[in-house]
1. Among the numbered conditions (1) touching a Ser or Thr at 6+ places or on another chain (Cβ under 6 Å); (2) surrounded by fewer than 18 Cβ atoms within 10 Å (Cβ to Cβ), tell me where B:Gly28 comes up short.
2. Go through segment A:47-74 residue by residue and tally those that are away from chain B (no Cβ under 14 Å), of a type outside the set (Gly, Ala, Ser), surrounded by 12 or more Cβ atoms within 10 Å (Cβ to Cβ) and touching a residue at least 40 places away in the same chain (Cβ under 8 Å).
3. Could you list, in sequence order, all residues of segment B:34-55 that are more than 11 Å from the chain's Cα centre (by Cα) and not in a loop (DSSP other than H, G, I, E, B)?
4. When you look at A:Gly41, is it over 17 Å from A:Cys90 (Cβ atoms) and either in contact (Cβ under 8 Å) with a residue 40 or more places away in the chain or within 11 Å of chain B (Cβ to nearest Cβ) (or both), yes or no?
5. I'd like to check something: does segment A:59-74 contain any residue that is of a type in the set (S, T, N, Q), part of a strand (DSSP E or B) and over 30 Å from B:Gln50 (Cβ atoms)?
6. Please identify the pairs in which a residue from segment B:1-16 that is at positive phi has its Cβ atom under 8 Å from the Cβ atom of a residue that is among the polar types (S, T, N, Q) and surrounded by 11 or more Cβ atoms within 10 Å (Cβ to Cβ), counting only partners at least 6 apart or on another chain.
7. Among the numbered conditions (1) touching a Lys or Arg at 6+ places or on another chain (Cβ under 8 Å); (2) crowded, with 20+ Cβ neighbours inside 10 Å, tell me where A:Tyr36 comes up short.
8. Give the residue that is nearest to the other protein chains (Cβ to nearest Cβ), with candidates limited to residues of segment A:102-114 that are among the hydrophobic types (A, V, I, L, M, F, W, C) and under 27 Å from B:Trp34 (Cα atoms).
Amino acid sequence: GNSVTQMEGPVTLSEEAFLTINCTYTATGYPSLFWYVQYPGEGLQLLLKATKADDKGSNKGFEATYRKETTSFHLEKGSVQVSDSAVYFCALSDRGAAGNKLTFGGGTRVLVKP
Amino acid sequence: GAGVSQSPSNKVTEKGKDVELRCDPISGHTALYWYRQSLGQGLEFLIYFQGNSAPDKSGLPSDRFSAERTGGSVSTLTIQRTQQEDSAVYLCASSGGLAGGSYEQYFGPGTRLTVT
């Protein structure tokens, strides 16, 4: 079956530091890949997505590249801010399956200190 | 415009009682999903609706869980004879696409269920 593995947190870093959150996946079909973010006290929001190999998703200074050869979709940001403190979820949807249900990784909590 | 709404936002119930959780998707969205977020299991898929039918119920953890959707809009997730392990945040999401696409799912704020 499908699965997503992402690095465990919490990740604590200083403002303006470089952030990487690793994500790898296993899928039977040709998945679309997503990063969702959950800010404190808020609901899940889509951060970025990529639908095919070598696509790069980007939003709010975050980037992730769909790497089929390494089955990875690592999230990066060059200079984090305190407002980036949140829980980040890597997810996939397998377009071969009924519907586009999401399979999520376990989430990575990121804390950015001023 | 209005997003996905869920009610109640919080629900505390006694073990053995039945509960109903409601989801109002974004108007016009044909696909609706229920997920559960718990400390032990992370974010798990429960059930998917396309219109009023549920082609994928594979994530429902037991026959105590059921869901329906009427008029291609509102959905209700029912948990019968609640157990403490049912305590979690229940999330609803909707999207405008059909199977095979990669349409974004928009999530509601969730219902936090606590079974005492």
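The values are calculated or read from the model by the stated rules, or taken from the named source; none is laboratory data. Just so it is clear, the model here is predicted, and its values are computed rather than measured. Reconstructed Cβ throughout: ideal geometry from the backbone, glycine too, with neighbour counts over all protein chains shown.
1. (1)
2. Count: 2.
3. Within segment B:34-55, B:Ser38, B:Gly42, B:Leu43, B:Gln50, B:Ser53, B:Ala54, B:Pro55 meet the criteria.
4. On the way: over 17 Å from A:Cys90 (Cβ atoms): yes; either in contact (Cβ under 8 Å) with a residue 40 or more places away in the chain or within 11 Å of chain B (Cβ to nearest Cβ) (or both): yes.
Considered against the rule, which asks whether it is over 17 Å from A:Cys90 (Cβ atoms) and either in contact (Cβ under 8 Å) with a residue 40 or more places away in the chain or within 11 Å of chain B (Cβ to nearest Cβ) (or both), A:Gly41 comes out as yes.
5. Yes, because at least one residue in segment A:59-74 is of a type in the set (S, T, N, Q), part of a strand (DSSP E or B) and over 30 Å from B:Gln50 (Cβ atoms).
6. Sorted first by the residue in segment B:1-16, then by its partner, the pairs are B:Gly16/B:Thr82.
7. A:Tyr36 satisfies every listed condition except (1).
8. A:Phe104
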